[in-house]
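Chemist: Below is one structure. I have some questions about it.
Coordinate-derived values only; no laboratory data. The shown structure was predicted, so the numbers you read here are calculated from the model rather than taken from an experiment. Glycine gets a Cβ as well: all are built from the backbone with ideal geometry, and neighbour counts include every protein chain shown.
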Amino acid sequence: MRKNARPMYWATAALILVFSFGCDLLSPPKEPATGFTEFGNIGELYESYFPIGAAVSGGEYGTNSFTYYPANVVSVFSSFVAENCMKPALIQPEEGTFEWDAADVIVDAAEARGAVVRGHTLVWHSQSPAWMTAGTKEEARARMRAHILAVAGRYTGRISAWDVVNEAVTDYGYRTDSPWYTVYGDASYIQDAFDYAYEADPDAKLFYNDYGVVNASKRNTIKNMITELRLKEDHHLAGVGIQAHWNLNWPSLNEIQATIDTFSDMGLEVQFTELDIDVYGGDGSIAEKVLTDDLEEALADRYGEIFALFRQNAEKITNVTFWGIADDHTWLNRFWDSTYHNDEFRQNYPMPFNTNHEAKRLYMRITDF
Ligand code: 9MR
């Protein structure tokens, strides 16, 4: 038995070796094959078109994008926006208690780089503390004014554009279940928000920001809201922020063009404020993907056609911002089927940099024109 044990051992070991080597060859790479460590500065390359921005963290939830990402990655952006820390629930969690640190980090870091800052957001139905809209309309109204004067007032002259009101409509009309709509009893809170933002910072461009704007019904609803509330004529509206949470197939370039033209024809600026391409199209039933060569190429084609369209419309577009920097930090890793899955993770690939913080092929494509 002992004599036979040795050949048996080697045969098994050899088999294991061959098997695992073969598996290595067959299994997909853990990281994309195409990570570019040298890349052009997209902010500079687009300087004559529009600023190129990224949503960042300033230390809230433990991450400061300016120290977390390599310096050569962060420095390609010419515009920054707070992904979370300027939202009402984070910046004024309790009445009169302001958490400025993370927001200050972002504004200071952006200025030190000569980048502009978008402010996001002053009035929203989500991430809004309950105390702010409690009680009577006049109480809520006074709190809204105090909030906007404090937040927009702190950064007067330092914010290029404020998302004054975020997501106030559905596809067909006002979002009547927003706590702001509820406590006011109508949509006039939107007018107040713009008036207070102008009072706080008359130099900032004041924006209405929303998702799904490329859908004809939502686009028309927003157009009707702007007209009905006389936001441009009487309340200092400068432009519409199109969030651009899109995917590989939707929306069509025609829909994007029609959306740009709709608001530009109203005399408004257009900004693409939260751009990302979801490779799952929001479908939770699709198994986690690997960033293969084909997927890199599909993303590069998609971003390539979108940025070509943006460049063609440069006179109407005044900012294009990615909703993040790299694939390791994106809300889309936890969002599918229209729901946040805080305890689950599915790697998505919407950002210009990969999880190793190398430029993806899409980055090379949109900087090659
Ligand atoms: O990316 C943000 C995520 O980290 C937050 O958990 C989430 C809370 O609602 O908000 C995300 O940002 C949203 C933005 O503020 C408004 N448009 C939709 C964005 C993605 O949900």
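Chemist: Just from its helices, what would the mean residue ellipticity at 222 nm be for the chain, if runs of 4 or more DSSP H residues each count -39500 (n - 2.57) and the sum is divided by every residue, rounded to the nearest 500 deg cm²/dmol?
Modeler: Details: 14 runs with 146 residues, N = 369.
One gets -12000 deg cm²/dmol as the mean residue ellipticity at 222 nm.
Chemist: May I ask you to list, by number, the DSSP H helices of the chain whose Cα span along the axis is at least 30 Å and whose average Kyte-Doolittle hydropathy reaches -1.0 or more?
Modeler: Membrane-span-like by this criterion, though nothing is claimed about a membrane: 2-26.
Chemist: Further question: Largest first and in whole Å, give the semi-axes of the range 181-236's equivalent ellipsoid, each being the square root of 5 times a Cα gyration tensor eigenvalue.
Modeler: Whole-Å semi-axes of the equivalent ellipsoid: 20, 15, 10.
Chemist: Taking every Cα atom in the range 145-188, find the radius of gyration and the maximum pairwise distance Dmax, and write them in Å.
Modeler: Just the Cα atoms of the range 145-188 yield Rg and Dmax of 13.2, 36 Å.
Chemist: Given a Förster radius of 56 Å and the C-beta distance between Glu111 and Lys289 as r, what FRET efficiency does 1/(1 + (r/R0)^6) yield to the nearest 0.05?
Modeler: Efficiency for this residue pair is about 0.90.
Chemist: Sorted by average packing, counted as other Cβ atoms within 10 angstrom per residue and highest first, what order do 121-134, 331-344 take?
Modeler: So the order, starting with the most tightly packed, is 121-134, 331-344.
Chemist: Can you give the log10 of the normalised intensity I(q)/I(0) at q = 0.09, 0.14 Å⁻¹, computed with Debye over equal Cα scatterers of the range 134-263?
Modeler: For the requested q values the scattering log ratios are -0.27, -0.64.
Chemist: Counting only C-alpha contacts under 8 Å and six or more residues apart, can you give the relative contact order of the chain as a whole percent?
Modeler: 18
Chemist: Let me ask something additional. What does the extension gain come out to for Arg334 and Ser75, with contour length at 0.36 nm per residue minus their alpha carbon separation?
Modeler: Gain on stretching Arg334 to Ser75: 90.6 nm.
Chemist: Let me ask something else about it. What per residue convex hull volume, in Å³, comes out for the range 124-171 when only alpha-carbon positions are used? Kindly include the intermediate steps, with their values, before the conclusion.
Modeler: On the way: hull volume 4.5 nm³, N = 48.
In the range 124-171, the Cα convex hull volume per residue is 93 Å³.
Chemist: Right, something else. In cubic angstrom, how much convex hull volume per residue do the alpha carbon atoms of the range 230-369 span?
Modeler: Details: hull volume 17.4 nm³, N = 140.
Expressed per residue, the convex hull around the Cα atoms of the range 230-369 is 124 Å³.
Chemist: Run the quick spin-label model on Trp250 and Thr176: label points 7 Å from Cα toward the beta carbon, then report their separation in nm to one decimal.
Modeler: Once both label points are built, they end up 2.5 nm from each other.
Chemist: So how many Lys-Lys pairs in the chain land under 15 Å Cα to Cα, not counting same-chain pairs under 8 apart?
Modeler: For the chain, the number of qualifying lysine pairs is 5.
Chemist: Let me ask something additional. Between Rg and the Kirkwood Rh of the chain, both from Cα atoms, what is the Rg to Rh ratio? Can you show the working numbers first?
Modeler: Details: Rg = 23.6 Å, Rh = 22.0 Å.
Computed over Cα atoms, the ratio is 1.07.
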